[in-house]
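Coordinate-derived values only; no laboratory data. This structure is a prediction, so every number in the text was calculated from the model and none was measured. With ideal geometry, Cβ positions are generated from the backbone for all residues, glycine too; neighbour counts draw on all protein chains shown.
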Amino acid sequence: MRAFRTLIRPLGVAAASAALLAVSGCGASEEPDLVNGKELFVGKGTCGSCHTLARAGTKGNRGPSLDESFGPALDDGLGKSTVAGVVEQQISEVRRNSTMPEDLVTGQDARDVAAYVAAVAGQPGEDTGVLALAGRPEVSDKPVVADGGQAEIPADPSGALAFVARFIEADGGQVTLNMPNPSPIDHNVAIKGAGVDEKGPVVGNGGTSEVSAELEPGKYVFYCSVPGHEEGGMRGELTVE
Ligand code: HEC
């Protein structure tokens with residue numbers, strides 16, 4: 001966490017927070033809305049597509065992991081409002097030549113996103129209550145039905161760890177799954193269960209992963225075999241009839 005460390009360490013925490021309060025215009029009236037902050041964080045094309053933040057369920061890797069950036073400082077007792085100030089400042093004053101787009105969110109939205117990051121960065125456990133439901137990827141419960149042994153199951157476009165649907169149905173025999181990857185994170189599609197263990201190639205944004213297997217009737221799992229992705233939610237059920 002380059003920017004943050006260089007800012008905090010030399011000044012000392014107290015001085016840094018005073019400086020940050022001055023630049024980030026705290027004293028802003030409204031209480032931050034963490035649900036709005038989380039929804040914006042995981043929304044399509046925003047923070048989560050480039051940053052890992054475990055509690056938000058994002059695995060972006062084009063920018064630093066915000067758990068690693070802020071978790072240790074929060075654990076050391078640095079105030080959440082100070083961290084939120086740093087995040088908010090980064091949103092509005094991105095370093096020159098950074099790939100991070102400036103002013104992706106502004107005003108109260110920026111304060112909400114910053115407050116959410118400061119509330120959860122590096123924190124164990126899971127979001128609870130309304131926060132747990134916020135920003136979930138849209139995953140369809142309607143099965144994708146294979147046609148001629150072929151089914152298309154795109155990855156979630158936002159970078160969330162999900163396919164667009166939870167269920168696939170196919171007839172027995174040769175089954176091929178195609179996974180277009182519109183997300184900013186590398187994924188593949190794989191099939192396992194009942195003696196079957198096939199993995200398609202891992203592809204980046206714009207690529208399509210493909211996996212084929214000879215399947216007897218029964219239940220199988222389709223998933224992404226990139227480490228952590230299946231556990232994060234990138235799996236579903238493939239029923240062969
Ligand atoms: C297109 C990718 C991209 C998006 C989208 C993006 N960032 Fe970043 N972010 C980066 C990169 C790359 C850096 C590394 C530092 C730099 O280049 O300034 C960074 C740095 C940061 C930092 C500083 C962390 C550190 O360790 O210094 C914070 C905080 C941050 N981003 C928060 C956010 C938030 C909040 C959003 C959403 C509003 C967001 N980012 C959206 C790519 C992105």
Original post:
Can you run phi through the Karplus equation (6.51, -1.76, 1.60; θ = phi - 60°) for region 217-226 and list ³J(HN,Hα) in whole Hz, with x for Gly and Pro?
Top reply: x, x, 10, 10, 10, 9, 7, 9, 8, 5
Subject >> the chain: translational diffusion in µm²/s, Stokes-Einstein, Kirkwood Rh over Cα pairs, 4 °C, 1.567 mPa s >> reply: 67
**OP:** Quick one: work out the % antiparallel among DSSP beta bridges in the chain, nearest 5.
**Re:** 75
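In what sequence do Arg96, Arg111 fall when counting other Cβ within 10 Å, fewest first?
Details: Arg96 6, Arg111 26.
Exposure proxy ranking, most exposed first: Arg96, Arg111.
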Original post:
If the cut-off is 25 Å between C-alpha atoms, which lysines fall inside it for Lys80, apart from same-chain ones fewer than 8 positions away?
Top reply: Lys38, Lys59
Subject >> Tilt relative to the chain, helix 80-92 - C-alpha long axis, 0 to 90 degrees, to 10 >> reply: 70
Subject >> Long-range amide H partners of Ser183 with built H, under 5 Å >> reply: Gly206
Original post:
Taking the Cα atoms only, what angle lies between the long axis of helix 2-11 and the longest principal axis of the chain, rounded to 10 degrees?
Top reply: 20
**OP:** Enter the angle in degrees (range 0 to 90, nearest 10) between the Cα long axis of helix 107-120 and the first principal axis of the Cα atoms of the chain, meaning the one along which they spread out most.
**Re:** 80
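Neighbour counts of other C-beta atoms within 10 Å: give me Asp76, Asp171, Asp127 arranged from fewest to most.
Details: Asp76 8, Asp171 15, Asp127 20.
Going from least to most buried by this count: Asp76, Asp171, Asp127.
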Original post:
For region 83-241, what's the relative contact order in percent, using C-alpha pairs closer than 8 Å and at least 6 residues apart?
Top reply: 17
Subject >> Placed amide H near Gly149: partners under 5 Å, 5+ positions off or other chain >> reply: Asp171
Original post:
Considering amide H positions built from the backbone, and no H for Pro or chain starts, which residues 5 or more places from Asn188, or on another chain, come under 5 Å of its amide H?
Top reply: Val203, Ser225, Val226
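Quick one: what do you get for region 25-84 if you divide its Cα Rg by 2.2 N^0.38 Å? Each step should come with its number before you reach the end.
Working: Rg = 12.5 Å, N = 60, 2.2 N^0.38 = 10.4 Å.
Ratio of Rg to 2.2 N^0.38 Å for region 25-84: 1.20.
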Original post:
Once phi is turned into ³J(HN,Hα) by the Karplus curve 6.51 cos²θ - 1.76 cosθ + 1.60 with θ = phi - 60°, what whole-Hz value does each residue of region 49-56 show in order, with x for glycine and proline?
Top reply: 6, 10, 10, 7, 8, 4, 5, 8
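I need His229, His51, His187 ordered by Cβ neighbour count within 10 Å, fewest first. Each step should come with its number before you reach the end.
Details: His229 21, His51 24, His187 28.
Fewest-to-most Cβ neighbours within 10 Å comes out as His229, His51, His187.
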Original post:
Can you list the aspartates and glutamates whose alpha carbon sits under 19 Å from that of Lys199, skipping same-chain ones fewer than 8 residues off?
Top reply: Glu152, Asp156, Glu169, Asp186, Glu210, Glu214, Glu216, Glu230, Glu231, Glu237
